[in-house]
Amino acid sequence: MLTNNPKYAISIRGLTKTYANGFQALKGIDLDVQENDFFALLGPNGAGKSTIIGIISTLVRASSGTIQVFGQNVATHVYETKLSLGIVPQEINFSQFEKVGDIVITQAGYYGLRGELAKQRAEKYLRKLDLWEKRDNRSRMLSGGMKRRLMIARALVHEPRLLILDEPTAGVDIELRRSMWEFLQELNRNGTTIILTTHYLEEAESLCRNIAIINQGQIVENTSMRKLLDKLARQTLIFDTCDELKTLPAFNDSDIQCNAIDSHSFEVSLSTSRDINGLYAALSDQGVLIKGMRNKTNRLEELFLSSLKS
Amino acid sequence: MQANHIYIAFETILIKEVRRFMRIWLQTLVPPAITIGLYFLIFGNLIGGRIGQMGGYNYVDFIVPGLIMMAVIQNAYANVSSSFFSNKFQRCIEEILVSPVPNYIILLGFVAGGMARGVAVGLIVTAMSFFFTSLHIEHVFLTLLVVLLTSMVFSLAGFINALYANTFDDISIIPTFVLTPLIYLGGVFYSIELLPSFGQWISALNPVLYMVNTFRYGILGNSDVNIVGALFMLVVFSAGLFAVALYLLRKGTGLRQ
């Protein structure tokens with residue numbers, strides 16, 4: 001039973017959606033997102049992520065089920081819930097002919113802000129997202145990454161308690177993605193609950209504390225990021241060496257498997273339950289000087305794929 | 001939503017709409033001025049002199065109110081249908097739909113934008129008419145009332161058109177195949193007294209006839225139709241179309257899946 005629990009930024013119960021063409025996008029979603037959480041919603045294309053966001057933002061009508069935002073029903077407390085929400089959609093959805101500054105100030109007007117307050121808010125978020133210098137440019141002149149940042153600035157202008165981002169870094173280069181991560185982390189530290197859908201699993205792993213994986217309209221995994229990553233049985237580490245490798249390092253342990261990659265690097269596979277200090281000791285004993293080390297695979301990707309398979 | 005927030009949201013949509021048609025003034029304000037100016041020149045001055053009197057007035061004086069009303073109708077309709085559909089097409093309507101702006105404010109904002117363009121074009125065309133004739137407005141208040149009500153009716157119609165439209169073709173079909181015949185057969189260029197009785201009966205079913213003639217009465221003081229009945233019809237049309245548009249908006253027609 002759904003209770004009014006304001007500690008949850010979002011509470012979803014029994015959410016279903018069948019589109020007019022008969023496609024059942026959601027098959028009974030139950031999901032809670034804690035206030036101040038940084039939450040990842042992952043799933044392959046067509047899994048139902050955008051449909052959930054569409055229903056929360058009222059752009060899509062649910063077939064059945066309920067959604068509460070900070071304890072208030074989206075269907076009955078439209079004004080209060082919408083005031084708490086900031087939505088950054090997957091596709092660009094601002095006028096290509098308007099100026100950057102006007103887009104943000106206009107959005108402020110829809111939330112009852114105008115004049116100096118609207119201008120101050122627009123300046124604050126355009127500056128934070130490095131778009132202030134572009135405020136008088138037509139939005140169509142912005143690059144892809146700038147357009148995505150503009151959508152974030154627009155979603156924040158009324159300072160919502162809950163920000164939902166639908167693949168905000170799709171097509172954004174790595175440097176810009178990192179700066180967006182930092183911005184979102186700062187926002188989360190300052191009390192904004194963030195729900196993120198993304199295809200970049202590394203992004204979810206770096207940013208989010210809790211995660212739900214959705215596939216074919218159903219939640220197949222809903223847990224903390226730590227617990228999910230703990231499910232991994234083995235990990236593969238790549239070592240880069242200072243000198244050329246004459247022979248592969250040998251480990252006196254059946255759990256450790258070692259393979260060469262090239263003349264200056266090799267990979268080691270071992271259980272996640274054990275520490276890796278022994279590896280360094282063994283390598284040091286064999287005179288192998290390590291320049292660097294990294295995880296071979298995106299660990300979350302493995303879990304994601306295994307969740308979908310199961 | 002608090003009353004002042006509602007007003008700010010309405011003002012925001014209206015300002016955005018006015019800014020839009022002012023930004024593209026070469027597409028929105030100049031073409032009707034040129035087209036209606038040519039009507040004044042050709043039908044009013046060149047041909048009108050040979051036609052002589054119509055409804056007891058010089059032909060140019062007779063057609064000026066009708067042509068002003070034609071410009072108001074076409075531009076009020078076109079502004080809302082093209083702007084709202086363009087918002088749908090670019091998906092920027094989602095900016096408003098995800099915000100707490102009530103449906104009736106969304107509707108009023110776009111309709112007020114359409115009325116603003118209708119009135120702006122009406123004023124430009126009226127100013128142009130002074131180059132061809134000297135207008136004397138008999139009933140100023142009635143003239144303004146008819147312009148506002150007519151532009152509201154066609155803004156609402158344009159809004160409903162845009163809700164149903166899926167392509168840009170869908171917002172040009174109604175103006176081409178419905179609006180233009182209604183306007184041209186609505187007594188802009190002739191008095192319905194010239195028509196045979198059957199033609200007069202058919203014309204009586206055309207709502208534009210009442211709008212044009214009520215406006216003409218406001219300017220010239222003479223009309224083919226009952227003014228009180230025409231005003232009542234305009235109010236009923238406004239209320240009816242507003243109710244239909246609001247119902248469709250609440251239902252999410254063309255907007256929400």
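The values are calculated or read from the model by the stated rules, or taken from the named source; none is laboratory data. Everything numeric here is computed off the predicted structure, so don't read it as measured data. Cβ placement follows ideal geometry from the backbone for every residue including glycine, while neighbour counts extend to all protein chains displayed. The area values use the complete protein model at the heavy-atom level, side chains included, leaving out ligands, DNA and RNA. Shrake-Rupley method; radii C 1.70, N 1.55, O 1.52, S 1.80 Å.
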Listed residues A:Arg140, A:Arg209; which is surrounded by fewer than 16 Cβ atoms within 10 Å (Cβ to Cβ) and in contact (Cβ under 8 Å) with a residue 60 or more places away in the chain? A:Arg209
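Among the candidates A:Gly101, A:Gly145, A:Gly65, A:Gly171, which residue alone is in a loop (DSSP other than H, G, I, E, B) and surrounded by fewer than 24 Cβ atoms within 10 Å (Cβ to Cβ)?
Values: A:Gly101 fails: in a loop (DSSP other than H, G, I, E, B); A:Gly145 fails: in a loop (DSSP other than H, G, I, E, B); A:Gly65 fails: in a loop (DSSP other than H, G, I, E, B).
Criteria check complete, one pass: A:Gly171.
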So if I check each of A:Ala47, A:Ala40, A:Ala108, A:Ala9, which one is in contact with a Phe, Trp or Tyr (Cβ under 8 Å, 6 or more places away or on another chain), of a type in the set (Gly, Ala, Ser) and open to solvent by less than 30 Å² (accessible area, probe 1.4 Å)? A:Ala9
How many residues does the range A:125-139 contain that are within 15 Å of A:Asp102 (Cβ to Cβ) and part of a helix (DSSP H, G or I)? 5
Go over the candidates A:Arg127, A:Arg61 one by one and state the one that is away from every other protein chain (no Cβ under 11 Å) and modelled with pLDDT of 90 or more. A:Arg127
So which residues in the range B:164-183 are of a type in the set (Val, Ile, Thr) and either assigned to a helix (DSSP H, G or I) or in contact with a strand residue (DSSP E or B) (Cβ under 7 Å, 6 or more places away or on another chain) (or both), if there are any at all? B:Ile171, B:Ile173, B:Ile174, B:Thr176, B:Val178, B:Thr180, B:Ile183
Might you let me know whether the range A:113-124 holds any residue that is within 10 Å of another protein chain (Cβ to nearest Cβ), part of a helix (DSSP H, G or I) and not aliphatic (A, V, I, L, M)? yes
Collect the residues in the range A:191-211 that are in a loop (DSSP other than H, G, I, E, B), over 19 Å from A:Val104 (Cβ atoms) and modelled with pLDDT of 85 or more, keeping them in residue-number order. A:Gly191, A:Cys208, A:Arg209
Tally the residues that are away from every other protein chain (no Cβ under 14 Å) and open to solvent by 50 Å² or more (accessible area, probe 1.4 Å), restricting the search to the range B:228-257. 10
Taking the range B:81-97 and keeping only residues that are touching a residue at least 12 places away in the same chain (Cβ under 8 Å) and at the interface with chain A (Cβ under 7 Å from one of its Cβ atoms), one is left with B:Ile96, B:Leu97
Assuming A:Leu83 fulfils every condition listed in (1) open to solvent by 20 Å² or more (accessible area, probe 1.4 Å); (2) in contact with a Leu (Cβ under 8 Å, 6 or more places away or on another chain) apart from one, which condition is it? (2)
Counted residues in the range B:121-151 being buried (at least 23 other Cβ atoms within 10 Å of the Cβ) and either without any contact (Cβ under 8 Å) to a residue 40 or more places away in the chain or among the aliphatic types (A, V, I, L, M) (or both) come to 4
Can you name the number of the only condition in (1) open to solvent by 50 Å² or more (accessible area, probe 1.4 Å); (2) within 13 Å of chain B (Cβ to nearest Cβ); (3) at pLDDT 90 or above; (4) within 26 Å of A:Tyr110 (Cβ to Cβ) that A:Phe23 fails? (4)
Return yes or no: is B:Thr35 out of contact with any Pro (no Cβ under 6 Å at 6 or more places or on another chain), away from chain A (no Cβ under 14 Å) and in a helix (DSSP H, G or I)? yes
Subset of the range A:274-310 [open to solvent by 80 Å² or more (accessible area, probe 1.4 Å), out of contact with any strand residue (DSSP E or B) (no Cβ under 9 Å at 6 or more places or on another chain), in a helix (DSSP H, G or I) and modelled with pLDDT of 75 or more]: A:Asn277, A:Asp285
Give the number of residues within the range B:99-112 that are over 14 Å from B:Ile6 (Cα atoms) and either at pLDDT below 95 or within 13 Å of chain A (Cβ to nearest Cβ) (or both). 0
Which numbered condition in (1) outside any helix (DSSP H, G or I); (2) open to solvent by 30 Å² or more (accessible area, probe 1.4 Å) is the only one that B:Gly186 fails? (2)
Scanning for something outside any strand (DSSP E or B), facing another protein chain (nearest Cβ under 10 Å), more than 23 Å from B:Ser86 (Cα to Cα) and not acidic (Asp, Glu), does the range A:41-51 turn up at least one residue? yes
